[in-house]
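Asks: My structure is below; once you've seen it, I'll send some questions.
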Amino acid sequence: MATPPLDGLEAEKSSSSPPLLGKRKRESDEDSDNKNNAENTLFIPDENDMSLLVYGNKVAGNNDPHHGNDEDEEEDEVDDDDESADDALDDDQDDQDVHMESAEPFPGHAIYDKAIPAIKAKLTDIAKEVVAVLQPHTNGGNYVTTHLDAASVLMTVPSTKRLRVAFIGNAGVGKSSTLNAITDIANLAKSLASGMSCTNLPTEYRNPFPGQIKPYAAIIRYHSCDGIRRLLIEYTKDYYLYEFEADEDWDRETRQDVQKRSKTAFNTLQMLFRDLPEFRNRQAAKQYLDDHYQDPSGDALKCMYAACIKMLRAKAIEDGAYSESYQAASVARLRKQIDPVMGSVSSSDQPALWPLVRHIAIGVQGSRVLDVMTLIDLPGHSDTNESRVEFVKEYIKTCDHIWAVATIGRAVDDNALFNTVHRYGKLFNGRIMVLVTHSDANVDHDLVADLRAKGLDMQGWYKLNNDHKQLSKNIKQLDDANKLARRKKHRQSKSTLLDMHNKEEELDAMRKALESIVLSRYQFSVQARNQWVTEQIRETMEGTLPKGATLAVHCISTAHYAAIKAGRSVEGPRLTPEATGVPALRAYALALAAPELMQSLEQYCSEDLNVFFKNARLWIKTTHVERRAEILRLAQVPLNKLEGRVEARVAAFKDGIKSGLVNALHEQFATTRDTALKVLNRKREVHSSTVCAFIRKHGNHTSRLGIEESWNEQFVKTVTELVDQHWEAFENSRTQISDQFRDVLIQDMRNILPKMAQEHPLGSKALPTVELAGVIDAQVGALNNVFRNSMYPYSQDLRNIRMDVTQDSNMNYFSRTILPAYQECALDTGPGVTKRHLDRLQVHLSKPQSESPFTSVERSFTAALIKNDGKHTSTGENSVKKGVETIFKSLYAAFNRSIDRTIEEPQEKAGREALQKVLRDLENEYREAKNMLKIVKGRYTD
């Protein structure tokens, strides 16, 4: 393998003008440094402006890749004849019998009421009219500009934060087919797995990207340079472990696991570099890798890394990582564009780039579910690649809900499913659902007998079965009689022929009735098993959710739903669309998103527009007031006090955690250490090969996502119990501190007018106090929204911190402290190595309190809590302080505008008077729209 020159390859390229959706190549081929990219920082597409975040280019013109894409120009030449039968959804669009998502009713939530679009239009039209009125007066000064800008923002209803839902489950359980069903798009997920049956990469499915023109678009995000290095190191390490470092004391399970990882690593490297001479075939690849085992120069790793960078060199760079994008008019055409990149064509001699892909984001037009939430298909539990597994763990932290997927035949006793619900049920505050697939599998008489033996009432099935027998008998008798009548040789009368015709029609009706009975009997069995599985899962998972929460369980048949969509028959009866469970699952998804969507609309209607009207009313009612400066100084008091209020709030939080949750950890240090040492002593009774296997995997039974046993989690069992025990009290204390902070800020605003009346009684009498009080009330509502909107992001980050304390991962506080001990153990070999391993761990766990890993956990935990509080309270881009500061400045500006400066620019006056002429009518329109929304909400219980 010729070594590519490394100069310049240690750094990635930069792009001053990276491409937008649909353009693959970059004109520049220079390399650039990747120091600014943090591989551990997840790239989560921004819901409002993703294309700009990824590609950094807002300008669209003659060079707009949407209109100048080479692949898109050739798209009309794509031959669709080779599309698989699974693409029948596209072929059957004209079939009136095909079930369509659009025919399903929306769930019973106000936000989906048919009147909502008209209400939104009525509200946004108000803002558009204000813009039209003020637009001719743009040179009228700051006050005109302020109201014009505010109205421009209100021309659209603000979008809410989209829910992110993670699909977690073993490979092959049906995550991808479920995604196809719930989005109502055949082959969508399959195409993004590059034609493969299982998902290898985190793949996001979402609403269209800003600027997306065609129905489907894909953005592929590759690993950074550092990430690629780590992947290559891990692949070679996995390969060499079995080929050269196998331990004869390994048990059968360990040997099989290591062998599987070695085979996977070898196959991955061979696919990745199959265009290179050294990897031209399996024999050559093995020879090359074997020759470079323990090569101190690291030439093989350098060469493979350089080859990876060379393959990615033509792609765009954004945020220190390679990216590329595609658009297409159909799923099949998107696949034709993605497959060559992902190397899914088995006969291809081109390298498969999927091992270098970090994740994929897909924009889809026209899906009800994807319009309101992002669905994330994660690699299966069986994935053994450590880097991918750790990346998935961090990915889960970005999600709001988890859907744990299992097949109906294994769901009740599926360890991976139980571990998922157990690990995340309480952490996600019950936002977890079990999705059971293949509800149509193995539906027969044995199933009915089994369900009856389990105590289910199957009388309905037996009644249908008896009806089936009787009707089958009647059909046979009538059919035999008709056949006999047709065989008669003599001339038949008209009445006889008519009678035979009527009997044939009766026979057809009986056969249709029989088909209906067969379907009803089949669906009865399916629904009975669904009921039993649901009850068993809930019983098994009892205690895994917060107190009072009920585990949501949905059973579906994607195979029958796909057959319905394609107009295909199945072996035996075919479930109705409703019996497949897919429409109910879709309604469940839409219902999850409904509260946030309604809250966003209500905030826009009752708060944002309300504040605008209050400010506008003040502006048009300008008043001349004596001692203007002194009065305005009082309006600025809340803003002047804000910094001190924030500092007091942050200090109260620090004092609270140090005297509460963190103090509990500190006081229980001895118990925590003793428990960990007892756990370690039990490990001395384990077989030496098992100990070595755990040491090699840094304390884990497996590197898979679904950890079966983790020493690290066992070592911090007391820490986990203490955190769980004190968490509710901690949350209550935090909420109380936040509420007190909010109440003080509100009181600062409400004190403005009384202070003005007290200190400047004459001047304050000339103020439009009623209007000013209205503005303060409106801004109080806005301030409440700031606090309400900060609650969930704050809690989500707290949840992730809690996970870093209690769950093993590369980001876990304890795992990071004990990692050097594991690494030191890994360097030790020879007789007595098992005892030395355990002795090293004992030394680490037995350190005095000031140096103890448990004290390190306590410190890291404390620092994370304080940093997170600061982020959401004062320092973050969307912190409470920033939101309140904006409100206080707006409030001061309202007072400033309401008090005449004695001199007013003519253009400002013209703009103010123009708004004054229409303001009353607009306020009436606003009140009417608010009333319409109130009426709609009154129809629903949500």
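Asks: Counting Lys +1, Arg +1, Asp -1, Glu -1, what net charge surrounds residue 280 among other residues with beta carbon under 10 Å of its beta carbon?
Replies: Once positives and negatives cancel, what remains is -1.
Asks: Would you kindly derive the ³J(HN,Hα) couplings of region 388-399 from the backbone phi angles with the Karplus curve 6.51 cos²θ - 1.76 cosθ + 1.60 (θ = phi - 60°), listing them in order in whole Hz, with x for Gly and Pro?
Replies: Along region 388-399, the couplings run 5, 5, 5, 5, 5, 4, 5, 5, 4, 5, 7, 9 Hz.
Asks: Here's something else I'd like to know. Using Cα-Cα distances under 8 Å and only pairs 6 or more residues apart, what relative contact order does region 311-459 have, in percent?
Replies: Averaging sequence separation for qualifying contacts and normalising by length gives 12 percent for region 311-459.
Asks: Could you pull out every residue, at least 5 positions away or on a different chain, whose amide H is within less than 5 Å of the one on residue 318? Hs are placed 1.01 Å off N in the peptide plane, and Pro or chain starts have none.
Replies: Under 5 Å from the amide H of residue 318: 323.
Asks: Using 0.36 nm per residue, how much length does the chain from residue 758 to residue 736 gain when fully extended, once their Cα-Cα distance is taken away?
Replies: So the extension gain works out to 4.7 nm.
Asks: For a Förster distance of 22 Å, can you work out the FRET efficiency between the beta-carbons of residue 640 and residue 773, rounded to the nearest 0.05?
Replies: 0.55
Asks: With r defined as the distance between the Cβ atoms of residue 442 and residue 909 and R0 fixed at 56 Å, what FRET efficiency is calculated, to the nearest 0.05?
Replies: So, using R0 = 56 Å, E works out to roughly 0.10.
Asks: Cα-Cα over 31 Å: which of 889/937; 175/426; 614/755; 175/882?
Replies: Correct reply: 889/937; 175/882.
Asks: Between residue 313 and residue 931, what is the label-to-label distance in nm when each label sits 7 Å out along the Cα-to-Cβ direction?
Replies: 7.1
Asks: Tell me whether region 521-620 comes out rounded, prolate or oblate; compute the Cα gyration tensor, take square roots of the eigenvalues as a ≥ b ≥ c, and use a/c under 1.5 as the rounded threshold.
Replies: oblate
Asks: Please calculate how many Å² of accessible area region 168-295 carries per residue, with a 1.4 Å probe and no DNA, RNA or ligand atoms counted.
Replies: 39
Asks: Under the classification rounded if a/c is under 1.5, otherwise prolate if a/b is larger than b/c and oblate if not, where does region 567-668 fall, given a ≥ b ≥ c as square roots of the Cα gyration tensor eigenvalues?
Replies: Oblate, because a/c is 1.5 or more while a/b does not exceed b/c.
Asks: Among the lysines, select those whose C-alpha is under 28 Å from the C-alpha of residue 454, and discard any that sit fewer than 8 residues away in the same chain.
Replies: 463, 469
Asks: For a protection proxy built on the mean count of beta-carbon atoms within 10 angstrom, sort 218-231, 630-643, 751-764 highest first, please.
Replies: Packing order, densest peptide first, comes out as 218-231, 630-643, 751-764.
Asks: Work out the FRET efficiency for residue 843 and residue 249 from their Cβ-Cβ distance, taking R0 = 30 Å, and round it to the nearest 0.05.
Replies: Efficiency for this residue pair is about 0.80.
Asks: How much length is gained on full extension from residue 659 to residue 531, taking 0.36 nm per residue of separation minus their Cα-Cα distance?
Replies: 41.3 nm
Asks: What number comes out for the charge environment of residue 770, summing +1 per Lys or Arg and -1 per Asp or Glu over other residues with Cβ under 12 Å away?
Replies: +1
Asks: What distance in nm separates the simple spin-label points at residue 667 and residue 923, each placed 7 Å from Cα in the Cβ direction?
Replies: 5.8
Asks: Follow-up question, since we're still on this one. Would you calculate the separation in nanometres between label points at residue 286 and residue 796, each defined as 7 Å from the Cα along the Cα-to-beta-carbon direction?
Replies: That separation, rounded to one decimal, is 4.8 nm.
Asks: What lysines sit close enough to residue 476 to cross-link, taking a C-alpha to C-alpha distance under 18 Å and skipping anything fewer than 8 places away on the same chain?
Replies: 503, 512
Asks: Once the piece of chain linking residue 470 and residue 505 is laid out straight, how much longer is it, given 0.36 nm per residue of separation minus the C-alpha distance between them?
Replies: That works out to 10.7 nm of additional length.
Asks: Take the cross-link list 260/683; 120/214; 641/934; 263/697 and give me the ones stretching past 28 Å between alpha-carbons.
Replies: 641/934
The values are calculated or read from the model by the stated rules, or taken from the named source; none is laboratory data. The model shown is predicted, which means the values in this text are computed figures rather than measured ones. As a convention, Cβ positions derive from the backbone with ideal geometry for all residues, glycine included, and neighbour counts pool all protein chains shown. Heads up: the accessible areas ignore ligands, DNA and RNA and are worked out on the full protein's heavy atoms, side chains in. Shrake-Rupley method; radii C 1.70, N 1.55, O 1.52, S 1.80 Å.
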